[in-house]
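Structure, as structure tokens:
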Amino acid sequence: MGYGPLYRMVYRMTGSTTHTPAFLDTNIWLYAFISGQDPVKAQKAQDVIAGTHPLFLSNQVINEVCTNLIRKERTPEADIRDFIDDFYALYHVIDLDHAQLITASDLRTRYALSYWDSLIIASALQSEVPTLYSEDMQHHLVIDQKLRIVNPFV
């Protein structure tokens, strides 16, 4: 694998790496990647990415990031392929499976979550991380006494 756009971006990011695993929702990646957004949030998102180890995400997050990069940034398909390769090479990617879909359904019932948020949370639970970084979910909500949702922009 060469040095694709995601690898180059992560390499440029500064910040001390912690040894606290976390799962990152789509919006964190989009602030880091899409130009012309809030520069304070962009820097914070890049710091979260650079400062989290190990870092987990799901194939749902990869799909959502790529869709937005194509639509909003008109990212060439070759770069999209590089992003996909880099996500899998640099981070722990959780693939959705039957058990997670059932877990997501249960989470929707118990926490009144949206369909897509419940899938993100089910993937984060599957990865067994203590923290899910997301701007779009309830800050400091604790799921099943295992996972805390943190909005890094608060």
### Summary
For region 75-154 (alpha-carbon point model, no solvent) the Debye-based log₁₀ I(q)/I(0) at q = 0.12, 0.16, 0.17 Å⁻¹ works out to -0.41, -0.68, -0.74
### Task
Using Cα centres only, tell me the gap between region 121-154 and region 49-98 in whole Å.
19 Å
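With +1 on each Lys and Arg Cβ and -1 on each Asp and Glu Cβ, how big is the dipole of the chain about its Cα centre, in debye rounded to the nearest 20?
Using Cβ point charges on Lys, Arg, Asp and Glu, the chain gives about 300 debye.
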### Query
Which three extents, in whole angstrom, do the alpha-carbon atoms of the chain cover along their principal axes, largest first?
41, 30, 27
#### Entry: All-pairs alpha carbon distance profile, region 18-89, 10 Å steps from 0, percent
20, 53, 26, 1
### Task
Compute the semi-axes of the equivalent ellipsoid of region 52-104, taking the square root of 5 times each eigenvalue of the Cα gyration tensor, and list them largest first in whole Å.
22, 14, 9
#### Entry: Selected from 76, 54, 130 as most flexible by GNM, with the chain as the system and alpha-carbon contacts under 10 Å
76
### Summary
The answer for residue 58, listing residues at least 5 apart or on another chain whose modeled amide H is closer than 5 Å to its amide H, is 94
### Task
Show the residues, 5+ positions off or on another chain, whose built amide H is closer than 5 Å to the amide H of residue 132.
23, 148, 149, 150
### Query
Of the listed peptides 27-37, 143-153, what is their order by residue-averaged count of other C-beta atoms within 10 Å, with the highest listed first?
27-37, 143-153
### Query
So what is the 222 nm mean residue ellipticity for the chain from helices alone, if each DSSP H run of at least 4 adds -39500 (n - 2.57) and you divide by all residues, rounding to the nearest 500 deg cm²/dmol?
-17000 deg cm²/dmol
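Every number here is computed from the coordinates shown, using simple stated rules; none is lab data. Being a predicted model, the structure only gives us computed values, none of them experimental. We place every Cβ from the backbone using ideal geometry, glycine too, and count neighbours over all the protein chains shown.
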